[in-house]
Amino acid sequence: MARVEVQNVSLTFGAHKAVDDVSIAFEDGGFYALLGPSGSGKTTLLRMIAGFEFPDAGSIRIDGEAVENVPVNRRRIGMVFQNYALFPNMSVEGNVAFGLEVRGEKGESVRRAVAEALELVQLGPLAKRRPHQLSGGQRQRVALARAIVTKPRVLLLDEPLSALDKALRTDMQVELKRIQREVGVTTIFVTHDQDEALSISDRIGILKDGRIVQEGAPEDIYDRPASEFAATFLGDANILTGVVRDGSLRLDGGTAIDLPAGSGDVPGELRCAIRPERVRISQSMPVTGAAGEPPEHMRGVVTRRLFSGSASTYFIDCSGREMKAIVQRGGDADMAVGSPVCVHWNADDLIPLSAGDGRD
Ligand SMILES: Nc1ncnc2c1ncn2[C@@H]1O[C@H](COP(=O)(O)OP(=O)(O)OP(=O)(O)O)[C@@H](O)[C@H]1O
């Protein structure tokens, strides 16, 4: 187990800055997700921590030791790749033993370590099989066992679940978390799947264009995204842009909406996010803001409804502005497409965003 500290790290390929002045600390024993769209630099950052790439600038420290010029095999890191990279002609136990054998270990200690690792990933009975005789989920477990058998200080996972179908992927997320807890190894997990990042990690670093734009606990980033990018990349969001005047937000078209306490103090342009599950809809009410009713903010017409089992997402056209509302099943009466509706929310659920990408 170890603390990994990345400080002002950059790497340029040709004219393209793949990783741009990234600083982030991965605490001992934590489970971190690096989340970002394709090409945002996640894999490059992971490969620099592993030692497959070397930064142009900045430092990488593992437990205080500067490793940016230390080769892969001396960093004591375990890595699982997207395609698992198993040796097809070796058995499951042969694959898992490989990392120990290249270090010169042999005999009983290797057999014991391999058996323990296979037990941890629940593959003991399949030890003699070859990779082609395994399912995708089982191959993924072999790759994991192979990475942890060497007792690495840090475990690096590059989209390890992306080849699995949805049901298996969800099972493996739970498994991966269990195994990481049991081993207690500092883990850095690359994904572009926001649900995976939210469900699996203790902390998330969001990357965009080679830069970390926000880092924090999943709940904190979800509840308080700093930028429109973070708000829409991690979860879904309605974005409202307007001008702050007299303590409220004036949207284009003149609608004035209340702001959370403290955020209407500075006049000027402001962008806010509101999560669709915080937006409520109801049949048109003749009286706006009548006693006992939640404050009405907009009126609109339902244009689409997406049913997803436990909830429905409504798309509402509010005078040219599209608002999304997620309504749990069994709650209010269904609204048909074409229905006029009132759209409302609590002012405290509006999230003011920073003007830039949230990095500053
Ligand atoms: N060896 C390389 N040579 C040149 N350009 C590279 C190299 N490796 C990565 N890049 C470029 O650097 C940028 C970041 O790539 P990287 O693979 O780190 O992104 P990513 O966020 O992991 O994307 P994905 O989710 O698609 O794997 C991309 O624009 C990519 O084309």
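Descriptive notes on the structure:
- Within segment 240-255, the set of residues being open to solvent by 50 Å² or more (accessible area, probe 1.4 Å) and either on the phi > 0 side of the Ramachandran plot or not acidic (Asp, Glu) (or both) comprises Val243, Arg245, Asp246, Arg250, Gly253, Gly254.
- Scan of segment 174-226 for residues that are within 13 Å of the ligand (Cβ to nearest atom), open to solvent by less than 30 Å² (accessible area, probe 1.4 Å) and assigned to a helix (DSSP H, G or I), ordered by number: Glu196, Ala197
- Filtered residue count, segment 256-284, keeping only those that are surrounded by fewer than 16 Cβ atoms within 10 Å (Cβ to Cβ), among the small types (Gly, Ala, Ser) and in contact (Cβ under 8 Å) with a residue 12 or more places away in the chain: 4
- With respect to the stated conditions, Ala85 is surrounded by fewer than 19 Cβ atoms within 10 Å (Cβ to Cβ) and within 16 Å of the ligand (Cβ to nearest atom).
- Matching entry among Ile326, Ile316 (being open to solvent by 40 Å² or more (accessible area, probe 1.4 Å), among the hydrophobic types (A, V, I, L, M, F, W, C) and outside any loop (DSSP other than H, G, I, E, B)): Ile326
- Residue check for Phe229: modelled with pLDDT of 90 or more, within 16 Å of the ligand (Cβ to nearest atom) and buried (at least 23 other Cβ atoms within 10 Å of the Cβ): no
- The set of residues in segment 209-228 being touching a Gly at 6+ places or on another chain (Cβ under 6 Å) and farther than 19 Å from Ser263 by Cβ consists of Gly210, Ile212, Val213, Glu215.
- Segment 18-39, subset over 17 Å from Ser201 (Cα atoms) and at pLDDT 95 or above, residue farthest from the ligand (Cβ to nearest atom): Ser23
- Taking segment 21-39 as the range and being buried (at least 18 other Cβ atoms within 10 Å of the Cβ) and part of a strand (DSSP E or B) as the test, the residues that pass are Val22, Ile24, Phe26, Phe31, Tyr32, Ala33, Leu34, Leu35.
- Note on segment 40-68: among residues that are of a type in the set (D, E, K, R) and either more than 10 Å from the ligand (Cβ to nearest atom) or part of a strand (DSSP E or B) (or both), the one that is least open to solvent (accessible area, probe 1.4 Å) is Glu68.
The values are calculated or read from the model by the stated rules, or taken from the named source; none is laboratory data. Please read these numbers as outputs of a predicted model, since none were measured by experiment. Positions of Cβ are generated from backbone atoms using ideal geometry, with glycine treated the same way; all protein chains shown enter the neighbour counts. Quick note on the areas: whole protein, heavy atoms, side chains included, nothing else; ligands and nucleic acids left out. Shrake-Rupley method; radii C 1.70, N 1.55, O 1.52, S 1.80 Å.
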